[in-house]
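Below is a structure I'd like to ask you about.
The values are calculated or read from the model by the stated rules, or taken from the named source; none is laboratory data. What you see is a predicted model, and the numbers here were worked out from it, not measured in a lab. Heads up, the Cβs are rebuilt from the backbone with ideal geometry, glycines too, and the neighbour counts pull from every protein chain shown.
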């Protein structure tokens, strides 16, 4: 029987890791990821997992150790946030190109500078092209579920691609709420035993990992990574369906909220989507046909699903919790691009919100809907919610 | 309108336990079959700096994730903070203020200018008597339950037992249960 616990998002993720029981975890603590590592270190100390915990001296070392361990054939995890991820950056790409199915929760936090410990999505966006699967969670329950889902997905033979599970710093990681934890055995059976096909430690079948790869094959290897992500896109519905069987919780590329007849649609990721759903309910009570789309999957980007969900709507407002200086905001540019082939293109507008943990209130989230309803959207203007000007 | 949530805003100084108290309340609310969230507002973490924590409690899943601007109850852990404008910000006159202090509710009214219901409890003193440490959490929760009934008293006591017996002996568990009960019984208002 699943157990409902009132715990933080960090504890929920640590429980998922405990149930996955990785062979190796190498991690370096950074706010607001720290409690994940603390809780998990406790599980290691208590002997409830079989994991070898490697306390490294930096995130660059953490990701390096994780790459070595995964290449050796171990099921391997780590976790980080913001500047920790930035320090890992070099090896983040290498993990993907070596096709190592590492799972890494990212507790989303603003990248410095100015230095800030609170939540935004600049860290997730910074590694959007690194070749990792990127799953996005609205709350602690989703962070728990997606950590388990990510493990199953990353390790599929046709995928073999590392995966990040994003949860909002403090709001999700340090917030307490009820989370349903599956039975240990159920999770164990779901993720199964990791049987690496090409482990470095298999000395009878020697292979080469990470050699110099110049103009002869670098290109082909990247083309294969693209195939891994395409296969992840194909495998996701199957993995989601399998997870629904054990949990009763249904996941998809996109979380569609009150979208059946929606005319005005907000697109937003992670915890702000929760508050936005409340705003959609408020608008619905006034008879306004509002709806919301929250991507559970950011990479591989569900372009086709966005097109299907948005074609023919009156207006779409896309919210980004980070900027892309000198360019359109990341989620906005992707959604806008997905609408290139729309038969009836909706009006569209870009809103940046919540940088550095700036609070996201219902009143703030009403503004894009109001501007959409007044027909005041401008596809070429980036607007800011809650900015002091 | 969508469902309203019952909203509590805690004010204290970092290190006094307001965050733990808000977490404890959510744990008890979930235990009682309700939906609840608890989250702190962190600045740079400096012991002694003013901090806030929030609770939402409802019979439906809680969607709003932002800080609480219009609380149903404000709970103040430290009476040296009385007079700070953020304590009464967004707190309307039909709502409640609960303060850990030896001062009278009238005195609190004078210091805060709040016109709604004010309740006081000398929670630190009671904690010193019962638990032998000046940790006002459990007393404050007892008082809060008396005023709002957000979570049944019995569930809170059961939760105290479960939480404390993991780490402490029966004496500490009993002392904390007495602390909850005294908070419940001894909280007083000026109305």
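Would you confirm, using the coordinates I've provided, whether residue B:66 is over 14 Å from the mean Cα position of the chain (by Cα), within 17 Å of residue B:158 (Cβ to Cβ), within 9 Å of chain A (Cβ to nearest Cβ) and not in a helix (DSSP H, G or I)?
no
Taking segment A:18-34 on its own, how many of its residues are surrounded by 20 or more Cβ atoms within 10 Å (Cβ to Cβ) and within 19 Å of residue A:59 (Cα to Cα)?
10
Now for a different question. Could we say that residue B:50 is surrounded by fewer than 21 Cβ atoms within 10 Å (Cβ to Cβ), under 25 Å from residue B:115 (Cβ atoms) and either more than 11 Å from every other protein chain (Cβ to nearest Cβ) or in contact (Cβ under 8 Å) with a residue 60 or more places away in the chain (or both) here?
So residue B:50 fits the description; yes.
Looking at this structure, is residue A:6 under 23 Å from the mean Cα position of the chain (by Cα) and surrounded by fewer than 24 Cβ atoms within 10 Å (Cβ to Cβ)? Working first, answer last.
Values: under 23 Å from the mean Cα position of the chain (by Cα): yes; surrounded by fewer than 24 Cβ atoms within 10 Å (Cβ to Cβ): yes.
Yes.
Here is a check on your reading of the model: is residue A:100 under 21 Å from the mean Cα position of the chain (by Cα) and within 17 Å of residue A:147 (Cα to Cα)? Spell out how you get there, then give the answer.
On the way: under 21 Å from the mean Cα position of the chain (by Cα): yes; within 17 Å of residue A:147 (Cα to Cα): yes.
Answer is yes for this residue.
Further question on the same structure: Within segment A:37-58, identify whether any single residue is in contact (Cβ under 8 Å) with a residue 60 or more places away in the chain, touching a strand residue (DSSP E or B) at 6+ places or on another chain (Cβ under 7 Å) and buried (at least 24 other Cβ atoms within 10 Å of the Cβ), and answer yes or no.
No, because not a single residue in segment A:37-58 is in contact (Cβ under 8 Å) with a residue 60 or more places away in the chain, touching a strand residue (DSSP E or B) at 6+ places or on another chain (Cβ under 7 Å) and buried (at least 24 other Cβ atoms within 10 Å of the Cβ).
Right, another one. Among the residues of segment B:29-47, count how many are assigned to a loop (DSSP other than H, G, I, E, B), buried (at least 18 other Cβ atoms within 10 Å of the Cβ) and either more than 9 Å from chain A (Cβ to nearest Cβ) or at pLDDT 90 or above (or both).
Taking segment B:29-47 as the starting set, the residues that turn out to be assigned to a loop (DSSP other than H, G, I, E, B) are B:32-34, B:42-47.
Those still in the list that are buried (at least 18 other Cβ atoms within 10 Å of the Cβ) too: B:34, B:42.
Pick out the ones that are also either more than 9 Å from chain A (Cβ to nearest Cβ) or at pLDDT 90 or above (or both) and you get B:34.
Of the residues in that region, 1 qualify.
Checking the conditions here, which among A:277, A:327, A:294, A:314 is assigned by TED's automatic domain parsing to the domain that holds residue A:366, in contact with a strand residue (DSSP E or B) (Cβ under 8 Å, 6 or more places away or on another chain) and free of Cβ contacts under 8 Å to residues at least 24 places away in the same chain?
Of the residues listed, the single one that is assigned by TED's automatic domain parsing to the domain that holds residue A:366, in contact with a strand residue (DSSP E or B) (Cβ under 8 Å, 6 or more places away or on another chain) and free of Cβ contacts under 8 Å to residues at least 24 places away in the same chain is A:277.
Just name the residue that is surrounded by the fewest Cβ atoms within 10 Å (Cβ to Cβ) out of those in segment A:331-347 that are in contact with a strand residue (DSSP E or B) (Cβ under 9 Å, 6 or more places away or on another chain) and within 16 Å of residue A:294 (Cα to Cα). Give the steps one after another, and end with the answer.
If we filter segment A:331-347 for residues that are in contact with a strand residue (DSSP E or B) (Cβ under 9 Å, 6 or more places away or on another chain), which is where we start, we get A:331-336, A:339, A:346-347.
Now drop any that are not within 16 Å of residue A:294 (Cα to Cα), which leaves A:331-336.
Details: A:331: 24, A:332: 24, A:333: 15, A:334: 22, A:335: 27, A:336: 19.
It comes out as A:333.
Now, a different point. Filter segment A:360-380 down to residues that are within 14 Å of another protein chain (Cβ to nearest Cβ) and in contact with a helix residue (DSSP H, G or I) (Cβ under 7 Å, 6 or more places away or on another chain) and give me whichever is nearest to residue A:169 (Cα to Cα).
A:360
Condition check: part of a loop (DSSP other than H, G, I, E, B), away from chain A (no Cβ under 14 Å) and farther than 30 Å from residue A:357 by Cβ. Does residue B:107 satisfy that?
So residue B:107 fails the test.
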